[in-house]
Every structure is written in structure tokens, then in C-alpha cells.
């Protein structure tokens, strides 16, 4: 059985099914008309097109609902350095959105060190993108997976996993990580992946991430959550 269908996961939600219990996740498959923003957030949308406004607004609805599950009151969630969300003190989290899907995941710092999530339409990447974001070794592994499981858009899943890797990496390092700086390998049956971090100057002990993936309802999601050391 692949991560495309996992019995019992439907009640958890697409993303929550692949995150640990310490992480609160909320998702939305449309843009509810009653969603509101703080004035500081509205100011960031002064020149935004409708698509950007809907994505920005709904994903913050998800984030505030997730924060409420941690008993944290609503606060402005403003984009910071390199667009990373500014979370309340003591919280780590991640946001994602694509056509037909928005989601956020948050956790308390004492329980989780970092979170990275990404969602993509479960469709092949546009021409040329796969080659730009993958290494020769990754392409060979993806070709083998595609031969055995042709129903999974492995190229898109690789792209998504690397986005999740970056979102997990950046809060820990405050540094850029390129697509070429992580080597991602999937377990096609177990719904997991391993990302090996390649920069020579990476922080000591930060060698890689373990993540999970799932495809359902036409959406591919990937998630990384690193539990805090006990």
C-alpha cells in the first residue's frame, strides 16, 4: 500500500495524518468569505492581485485556527525574512497553499524544533522544472519509482519535499538552501522520505530530515516535524 491511501487517515485531514500529535494542523479546500485579517496584514496586500489575497488570507485563517488549538490567541502573522511567517513567541510553524488547498501547522518550541510543510497539485511538473530541481541520483531513483508506481507524480512529490525541507531548515539556520543542497530519497510504500543535507558549512548535527508524504483528493503533501530533544 502506498501513501496515496491510508485507512483511517481521512478523519484526521490530509496533512494532520502525516504529522505527529504535538503538531496542530488546519487545512481548507476553499476560501471562506468571512475570513478576516488584522490591519497590519491588510497593509501587506495593498497591491496584491485577487489570487494572492485569497491565498494569504485563507492560509492565515488556517494558522489562527491551528494556534487556537494550542490555546494561543489570534495575532498578526506577518511575512518576515525571505517570506517566512512570523509566529508568536514560543511557536514554530509552517504554511502552504496551492490551487484548491491551504494549510498551516504549528507546535510549541519545547515540543518541536521545526516544522516544514508543502502542498502541490498531484500533477507532473511543467517541462524543464524537474531537471532544474533534481540531481542525477534523484532522477534515477524517481525513474525507478515511476516504473513501479506510475500513478504517483514523483517529480512533483520531489519538488514538494524539497520545499518542505527548506521550510524546516530556514528557522534553524536563517540561511538559504537551494534545491541542489538536499538529496531526497522516498520510500514509495511507507510514505516516508529522507532528506540528506549537503552544504559543507551546515550547522553541526544538522545532517538531514525525516519526512512523510501523502497524496489524496488531487493534492500531494509533504511534511517534516523535528521533535525537541528530551
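The values are calculated or read from the model by the stated rules, or taken from the named source; none is laboratory data. Because the structure is a prediction, the values reported are computed rather than measured. Because the Cβ atoms are built from the backbone with ideal geometry, glycine has one as well, and the counts that use them run over all protein chains shown.
Evaluate the following for residue 181: is it under 17 Å from residue 116 (Cα atoms) and either in contact with a helix residue (DSSP H, G or I) (Cβ under 9 Å, 6 or more places away or on another chain) or at pLDDT below 95 (or both)? Yes, satisfied.
The set of residues in the stretch 65-105 that are within 17 Å of residue 169 (Cβ to Cβ) and part of a strand (DSSP E or B) comprises 85, 92, 93, 94, 95, 96, 105. Would you mind stating whether residue 77 is touching a residue at least 12 places away in the same chain (Cβ under 8 Å) and either surrounded by fewer than 18 Cβ atoms within 10 Å (Cβ to Cβ) or more than 22 Å from residue 227 (Cα to Cα) (or both)? Answer is yes for this residue.
Take the stretch 122-158 and flag every residue that is closer than 21 Å to residue 217 by Cα and loosely packed, with under 11 Cβ neighbours inside 10 Å. Once the filter is applied, which keeps residues that are closer than 21 Å to residue 217 by Cα and loosely packed, with under 11 Cβ neighbours inside 10 Å, the stretch 122-158 yields 126, 150, 151. In this structure, residue 19 qualifies as under 25 Å from residue 151 (Cβ atoms), surrounded by 13 or more Cβ atoms within 10 Å (Cβ to Cβ), modelled with pLDDT of 95 or more and outside the structural domain of residue 217 (by TED's automatic domain parsing). Scanning the stretch 64-74 for residues that are over 10 Å from residue 24 (Cβ atoms) and surrounded by 16 or more Cβ atoms within 10 Å (Cβ to Cβ) yields a single hit, 64.
Kindly indicate whether residue 53 is within 23 Å of residue 219 (Cβ to Cβ) and out of contact with any strand residue (DSSP E or B) (no Cβ under 8 Å at 6 or more places or on another chain).
The answer is yes for residue 53.
Residue 186: touching a strand residue (DSSP E or B) at 6+ places or on another chain (Cβ under 7 Å) and without any contact (Cβ under 8 Å) to a residue 60 or more places away in the chain, yes or no? Spelling it out, residue 186 is indeed touching a strand residue (DSSP E or B) at 6+ places or on another chain (Cβ under 7 Å) and without any contact (Cβ under 8 Å) to a residue 60 or more places away in the chain. Out of 203, 199, one residue alone is more than 22 Å from residue 16 (Cα to Cα) and surrounded by fewer than 16 Cβ atoms within 10 Å (Cβ to Cβ). It is 203.
Of all residues in the stretch 42-56, those that are within 16 Å of residue 76 (Cα to Cα) have Cβ atoms under 7 Å from Cβ atoms of residues that are part of a helix (DSSP H, G or I), 6 or more apart or on another chain, in 45/53; 45/56.
Since residue 193 meets every condition but one in (1) closer than 24 Å to residue 29 by Cα; (2) surrounded by 18 or more Cβ atoms within 10 Å (Cβ to Cβ), which condition does it not meet? So the condition that residue 193 fails would be (1).
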